[in-house]
Every structure is written in structure tokens, then in C-alpha cells.
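Before any comments, here is the structure.
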């Protein structure tokens with residue numbers, strides 16, 4: 001049957017499992033790779049047939065294909081099928097079957113090759129199972145899971161879109177996410193997107209409002225990750241996961257309102273207390289004047305002083321409580337500080353106190369000139385009032401990191417650490433007749449300019465106040 005010794009040797013030494021059989025399967029030749037593939041010896045295989053190594057469904061399909069081949073309906077065929085190893089383990093391979101004819105005696109044979117794809121199948125099966133598992137997680141997650149192209153357009157959207165936002169996911173494929181983001185938040189998200197595309201790495205969570213199908217908006221926190229090509233390192237797509245934080249925002253807002261109401265109540269009680277104090281001597285002296293019917297300059301001076309104190313309390317309270325309608329403009333901060341220091345020089349000289357200024361040219365900033373002038377006047381006046389005779393207040397303007405820093409330093413009485421901790425509370429003051437509202441107003445102004453105010457002091461040594469305003 002096999003006349004060529006060369007053919008026999010190639011057949012036997014091939015690492016590909018092969019069978020050569022007559023059409024009636026009466027005569028068959030198998031190479032060693034075939035036995036290695038299935039785990040049988042030649043002797044063991046002598047009692048086996050193809051039916052023993054094939055699941056029923058695969059075996060019936062094999063017979064059907066072979067009958068068509070023998071009937072001349074096809075010259076060869078190729079199918080993927082399962083094989084049963086001697087141990088019972090399932091193997092997978094590609095079965096290639098072709099019809100050969102011997103030109104000398106016109107006998108026909110089936111030539112069978114098995115290409116082992118078990119490992120490839122297992123990897124593929126594992127990937128399919130993993131993909132199914134992750135897709136199952138994505139499709140049952142309450143978070144919004146999305147895959148975008150590099151321009152941000154939707155390629156995949158999890159079913160939670162329907163539950164949370166009211167949109168059918170299939171309707172949004174290919175859409176631009178910016179069509180659903182609140183107009184005020186679009187630039188923030190665009191800047192975030194640009195940084196991810198540029199740096200090709202994940203960024204901190206970004207918060208913004210997204211429009212629901214009923215045109216209402218909810219707040220979400222979104223984390224976006226870049227997906228890179230393993231070979232080129234190029235950005236191929238973006239994965240974003242968004243979480244509904246509307247309830248958290250609403251709860252936070254309720255807490256803020258509650259805190260504001262509590263503060264208003266505390267301040268109302270404090271204002272009433274502070275006004276009641278000067279009202280007591282006013283009432284007493286007016287009662288005395290009404291009884292004596294005599295004009296007493298000393299009484300009148302006390303009454304006017306206490307009325308002026310009431311006016312100061314009310315003015316400072318209204319200044320702190322009034323709505324923020326400041327006019328923001330570009331400011332030469334070094335020039336503004338110089339103007340305030342020049343304004344305070346006369347007051348310092350009259351009290352025999354020294355006020356010095358050291359300036360550095362600093363960039364323009366955006367702010368409200370009148371409000372910042374109010375802060376500087378308040379801080380410098382407090383420093384002068386803390387001095388004993390011939391004390392010094394030094395003002396320095398410089399740049400520290402990303403801030404303009406105005407440092408006001410005095411060598412006055414200083415403040416104890418216990419009292420320093422309470423600085424900024426309404427109606428708490430280190431001065432005998434202070435209300436504490438001036439510094440509270442200053443803190444409010446600086447915070448509205450996205451800056452900060454730092455106070456350091458040692459009792460008996462002096463105080464340093466640093467006003468930080470962010471550079472543009």
C-alpha cells in the first residue's frame with residue numbers, strides 16, 4: 001500500500017497526528033504522533049475505533065462528511081472537533097481529511113491530519129469566559145460604565161444608563177458625551193479629557209452634572225482611564241466609570257444650610273448680647289438725666305461713646321453678612337499695599353509707632369480692590385494697636401510658590417496659643433472692646449479670592465499675619 005520508504009519515514013516522523021486508511025477502514029496506518037496525541041499504544045489502539053475517541057455528535061458529523069467525500073461530492077473537508085484522550089480528558093483539534101487515489105491500481109484512501117488546537121482553544125475559551133464574566137459585571141453594575149473612542153464618543157454603554165438617566169444605551173452609541181453634560185461643567189470635563197489624552201494616564205475623579213432624559217440634572221463622580229496599544233503605546237480608547245452622587249450632594253447641601261442656620265442663631269444671640277452691653281449705661285445715664293433735669297457733659301460723652309460702639313457692631317456685622325457683589329478686576333497688588341501703608345503712616349506717626357514697607361514687583365491678579373484694601377487696613381491697624389510705644393510694624397510683599405504673599409509683622413504684645421485658636425470666631429477679640437467681626441470679614445474676603453490667611457504669634461514676642469492670594 002505504501003510503496004515509498006521515504007514517504008513511510010516522513011509519515012512516521014511527522015509531529016502532526018496522521019492516519020492513512022482504506023475507504024472500508026479495513027486497512028489503516030497511524031503515525032506515532034497520533035498515538036502520542038491520544039495517549040494510546042499501537043496495541044491498545046488495535047481494539048479501538050474512531051467512535052471511541054469522538055463524542056457522539058462529532059462522530060456522526062465525521063461519518064456524514066466522509067460519506068460525502070467517498071461519494072465524490074467533495075475532494076476534502078476541514079472541521080473543528082473534540083477528541084477524547086485515553087485519560088478521559090477532552091482535546092481539541094482541526095481535522096483535515098482528503099481523498100487520495102493510487103494511480104497504479106486506482107485504489108482510493110482517506111488521508112487524515114489532526115492539527116492540535118487544545119491550548120489555543122483553552123486560552124480562547126478562558127478569554128470568552130472572562131469577557132462574559134466582566135460583561136456580566138458591567139451589565140449588572142449600578143455605576144455607569146462606558147467605553148469611548150479617543151475623541152470621547154460612546155462605543156459601549158452599560159444598561160445602568162437606562163435605570164439612572166432614562167436613555168436606551170443603544171441609542172447613544174456614537175454620540176458625543178458633551179451633549180449631555182451641563183453647559184457650566186463642559187469646560188472642566190474637556191480640560192480633564194485633554195490631560196488624559198496628552199498624558200495617557202488616569203486622572204483624579206472629576207465631578208460634573210449630567211442631563212437625564214427628563215431634562216433634569218444629577219451630579220456624578222467620574223474616573224477615566226486611558227487604554228493603550230500594547231505594541232505602539234498609542235491611545236486606543238478610554239474607559240470611564242461614573243457614580244451617582246446626587247444624594248451625597250443634596251445631603252451635604254442640607255448640612256451646609258443647617259450649619260449656616262446654626263451660625264446665624266449663634267451670631268444673632270451674640271449681636272443681642274453685644275448691643276445689650278452698651279445699652280445698659282445709655283439707659284442708666286438717660287434715666288439719671290431725666291431725673292436731675294441737668295446737663296452733664298460727662299454723661300453725654302459716655303452715651304455718645306456707647307452709641308458709637310453700637311454703630312460699629314452693626315456696621316461690621318452688616319459688612320460680614322451682606323451678599324457677595326464685589327467687582328472683580330485686575331489689580332497691581334504691590335501698588336495697592338503701598339497705598340494702604342501710606343494711608344496708615346500718619347496714624348502710626350501720631351502714635352509714635354513705626355510702619356515700614358518693603359516691596360517686590362509682583363504679577364497682576366484678579367480681585368476686588370475695595371475688599372482687599374479693607375483686609376489690609378484691618379490687619380495693619382490691628383498690628384499697630386498691638387504695639388506699645390515705639391514699636392514697629394513691617395509690611396513685606398513677595399512671591400511664595402504660586403501665591404502673592406503680603407506679610408504684616410509686628411513686635412507687639414503677641415497672642416497666647418489658647419486665644420490664637422479662637423481667632424476668627426464672631427465676637428471673639430483680643431482687644432478690650434473688639435467685636436472680632438473685622439477679622440472674620442477679612443477671612444471671608446480672602447476665601448472668596450481663593451486665598452488663605454495665616455496667623456502666627458508668640459505672647460510677648462509679636463504677631464505675623466500672612467495673606468496669600470493665588471497667582472493667575
Sorted on mean Cβ neighbours within 10 Å (highest first), peptides 460-467, 399-406, 193-200 come out as 460-467, 399-406, 193-200
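With a 10 Å Cβ neighbour count serving as the proxy for reagent exposure, in which order, fewest first, do 179, 62 appear?
Ranked by crowding around the Cβ, least crowded first: 179, 62.
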extent check for the stretch 141-244: Cα max minus min per principal axis, descending, whole Å, gives 43, 27, 21
Reduced to Cα centres, the span from the stretch 378-410 to the stretch 166-214 in Å works out to 46 Å
Share (percent) of C-alpha pair distances in the stretch 10-52 greater than 13 Å works out to 55 percent
Here, residue 26 and residue 347, labelled 7 Å along Cα→Cβ, have an inter-label distance in nm of 12.4 nm
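Determine one quarter of the surface area of the Cα convex hull of the stretch 329-470, which equals its mean projected area, and express it in nm² to one decimal. Walk me through the numbers on the way to the answer.
Numbers: hull surface 31.9 nm².
So the Cα hull casts an average projection of 8.0 nm².
Where does the stretch 1-93 land on Rg/Rh, using Cα atoms and the Kirkwood Rh? Mind dumping the intermediate values first?
On the way: Rg = 13.9 Å, Rh = 14.5 Å.
Across the stretch 1-93, the Cα-based Rg/Rh ratio is 0.96.
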Here the relative contact order (percent) of the stretch 5-123, from C-alpha pairs under 8 Å and at least 6 apart, is 25 percent
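Each reported figure results from applying straightforward, stated rules to the coordinates on display, with no laboratory input. Computed from a prediction, not measured in an experiment: that's the story for all the values here. Cβ sites come from the backbone with ideal geometry, for glycine too, and all protein chains shown count toward neighbours.
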